[in-house]
1. Applying the selection to region 36-61, what residues are within 22 Å of Lys71 (Cα to Cα), within 16 Å of the chain's Cα centre (by Cα) and buried (at least 22 other Cβ atoms within 10 Å of the Cβ)?
2. Under the condition of being of a type in the set (Lys, Arg) and modelled with pLDDT under 90, which residue from region 38-65 is farthest from Trp77 (Cα to Cα)?
3. For region 66-73, indicate whether the set of residues that are touching an Asp or Glu at 6+ places or on another chain (Cβ under 7 Å) and modelled with pLDDT under 95 is non-empty.
4. Please go through (1) modelled with pLDDT under 90; (2) within 24 Å of Asn178 (Cβ to Cβ); (3) outside any helix (DSSP H, G or I); (4) not aliphatic (A, V, I, L, M) for Ser117 and return the number of the only condition it doesn't satisfy.
5. Under the condition of being of a type in the set (Gly, Ala, Ser), assigned to a helix (DSSP H, G or I) and farther than 13 Å from Lys144 by Cβ, which residue from region 167-197 is modelled with the highest pLDDT?
6. Inspect all residues belonging to region 121-131 and state whether any of them is in a helix (DSSP H, G or I), modelled with pLDDT under 90 and within 20 Å of Asn84 (Cα to Cα).
7. Does region 11-31 hold any residues that are surrounded by fewer than 14 Cβ atoms within 10 Å (Cβ to Cβ) and within 24 Å of Ala50 (Cβ to Cβ), and which are they?
Amino acid sequence: MLDCSKHWDTDIVALISSGDIDAYYCVVEKYEQKLMKYILRITSVDREDAENILQEVFIKAYRNINSYNPKYSFSSWIYRIAHNHALDFYRKYKNKQKVSLDWDDEEYWGLLNMFDSWENIEANMVSKELIWKIKAILLTLDIKYKEVLILKFLEEKNYDEVSDILKVPTWTVATLINRGKKQFRVKAEDQGLKDYL
C-alpha cells in the first residue's frame, strides 16, 4: 500500500493517471474529512445527504483526474468540484431540505476573526449559545457571501485559492469578503452580538 504522507498531490495524481487506481485512496484519505466539513458548512444538509454529495465529488474527481492541470493547486481543483456539487444540491433542494447544524462547534467562533475587535475576546468566553447564533447568521447570508466567508475563515483558504475555487478574480473575492462581512455584521448586531464585533 502506498504511503500517502510521503507523496505530493501532483505525484499521486500522476500515479492515478498512469493506471495506479489504488493511489486514489490517498486522495480520499487526505480530503474526505475536509470536504465533508466544507459540504456541511456550505449546504447545511444532514450528514447522509452530505455523504452522498461527497461520494459524487470523489467519483467525478476520479473520472476527470486527467483534466487536472498540475500547474495549479490540486486542493483548489477538488474543492471546486465539491463546491459545484454542493451548490447544485443546495439550489435544487433548498426549499425541501431539513436544515442541519451538524458542525463542529469549536471552530465556529473563529468566524468572528474577520472582525478586528474579536481579538480582544478570549475563546473561553464563547458560549454555546453564541456559537449557535453565529451558525444561524451564516445560514441566512446570501450564498455568494456565505461561500467566500466559509472558504476564507473556516476552510482557511487564501485569496488566490478562493479565486481558483470560485473561478472569479481575486479582486472579486476581496469585494465579496468585505460585503459578506458587512452583511454578517448587520445581522449579528440584530442578534445582539454588537459587543463581539
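1. Start the filter on region 36-61 by keeping residues that are within 22 Å of Lys71 (Cα to Cα), which leaves 57-58, 60-61.
Next, from what is left, pick out any that are within 16 Å of the chain's Cα centre (by Cα): 57-58.
Selection gives Val57 alone.
2. Taking region 38-65 and keeping what is of a type in the set (Lys, Arg), we get 41, 47, 60, 63.
Filter again for modelled with pLDDT under 90, leaving 41, 47.
Numbers: Arg41: 18, Arg47: 23 Å.
Checking each candidate, the answer is Arg47.
3. So in region 66-73, the residues touching an Asp or Glu at 6+ places or on another chain (Cβ under 7 Å) come out as 72-73.
This time we only want the ones that are modelled with pLDDT under 95, so: 72-73.
Yes; the residues of region 66-73 include at least one that is touching an Asp or Glu at 6+ places or on another chain (Cβ under 7 Å) and modelled with pLDDT under 95.
4. (3)
5. Ranking the candidates gives Ala174 first.
6. Initially, region 121-131 is screened for residues in a helix (DSSP H, G or I), giving 123-125, 128-131.
Still in the running and modelled with pLDDT under 90: 123-125, 128-131.
This time we only want the ones that are within 20 Å of Asn84 (Cα to Cα), so: none.
Looking for residues that are in a helix (DSSP H, G or I), modelled with pLDDT under 90 and within 20 Å of Asn84 (Cα to Cα), one finds none in region 121-131, hence no.
7. Across region 11-31, the qualifying residue is only Glu29.
The values are calculated or read from the model by the stated rules, or taken from the named source; none is laboratory data. Just so we're clear, the structure is a prediction, and the values are computed from it rather than from any experiment. As a convention, Cβ positions derive from the backbone with ideal geometry for all residues, glycine included, and neighbour counts pool all protein chains shown.
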